[in-house]
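The block underneath contains the structure these notes are about, expressed in structure tokens.
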Amino acid sequence: MKRALATFVLGWLVGAAALAATPLNPKVMSDAPTTPGAWRMEAPGQGGTGGMTICQTAAQAMGRKDPNPSQHCEMKMVEDGASQAIMEVQCKDSRQRITITRAAPRSYFFTVQDLKDPSARPMQMKMSYVGPCSAKDSLMSLDKDSPACKGMQARLAEIDKAKASCAKAGDARARASCEQMMASSRAQMLSMCGQ
């Protein structure tokens, strides 16, 4: 259950960052940059990860490399005011209503309601523009002292042990593949936590 929620939150975060560049740019976000960049996401009360930053530029680059038409979503503007916008997003397996209000310049509150399960508690997020980022940056980075990063730090020793055990992986090709996979996992964890 917790893993499903984390997956849903991550998917929504990437989608929320992409909203800043959508053709349905709501009036409430009129001060948002027109070019992709890094967005700070905070989900008070959602637990687990702490704050995180999503690089919209990296997300768009990944989308170009791996286009998945089954993930196509349609967005419809329900209300478009200077102080609040309401959008409905219909994807293959989900339907959500997103309410956006301004928190501060280039900073917005999002409330996401699952329309397929109206009794579910709405998710609330704050999204703030951080600045530019590049396609080579990590898609998602977490606060260095967040519970998620502390957990990843604890797993680094396990990855190092697993990499050492790659020496037992039979032929040279299997050994090299194992070592590369472990090195890649380690580098990804470190980059997500700003190291």
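Quick note: the coordinates plus some simple rules give every number you see, no bench work behind them. Quantities reported herein were computed from a predicted structural model and do not represent experimental measurements. Heads up, the Cβs are rebuilt from the backbone with ideal geometry, glycines too, and the neighbour counts pull from every protein chain shown.
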* Test item: Cα-centred dipole of the stretch 147-192, Lys/Arg +1 and Asp/Glu -1 on Cβ, debye -> 60 debye
* **Debye, to nearest 20: dipole size of the stretch 90-195, +1 on Lys, Arg Cβ, -1 on Asp, Glu Cβ** => 140 debye
* Structure fact -> Here Rg/Rh (Cα, Kirkwood) for the stretch 147-192 equals 1.06
* To do: May I ask which residue of M181, F110, M52 lies farthest towards the positive end of the charge dipole of the stretch 36-188, with charges of +1 (Lys, Arg) and -1 (Asp, Glu) on Cβ and the Cα centre as origin?
  => M181
* Structure fact -> Residue-ordered couplings for the stretch 138-148, obtained by feeding phi - 60° into the Karplus form 6.51 cos²θ - 1.76 cosθ + 1.60 and rounding to whole Hz (Gly and Pro as x), are 5, 4, 10, 10, 10, 4, 4, 9, 6, x, 5
* Asked: Ordered by residue, what ³J(HN,Hα) values in Hz, to whole numbers, does the stretch 98-112 give under the Karplus form 6.51 cos²θ - 1.76 cosθ + 1.60, where θ = phi - 60° and Gly and Pro are x?
  -> 10, 9, 10, 10, 7, 9, 6, x, 6, 9, 9, 9, 10, 10, 10
* Any idea what the relative contact order of the stretch 147-192 is, in percent, if you count C-alpha pairs under 8 Å spaced at least 6 apart? -> 40 percent
* Given H placed on each backbone N at 1.01 Å, which residues far from A103 in sequence or on other chains put an amide H within less than 5 Å of it? -> Y108, F109
* To do: Round to the nearest 0.05 the FRET efficiency obtained for N25 and Q153 when R0 = 35 Å and r is the Cβ-Cβ distance.
  => 0.35
* To do: With θ set to phi - 60°, apply the Karplus curve 6.51 cos²θ - 1.76 cosθ + 1.60 along the stretch 150-166 and write out the HN-Hα couplings as whole Hz, x wherever there is a Gly or Pro.
  => 4, x, 5, 4, 5, 7, 4, 4, 5, 5, 4, 5, 5, 5, 5, 6, 4
* Structure fact -> re the stretch 86-189: pairs of Cα atoms spaced beyond 16 Å account for a percent value of 74 percent
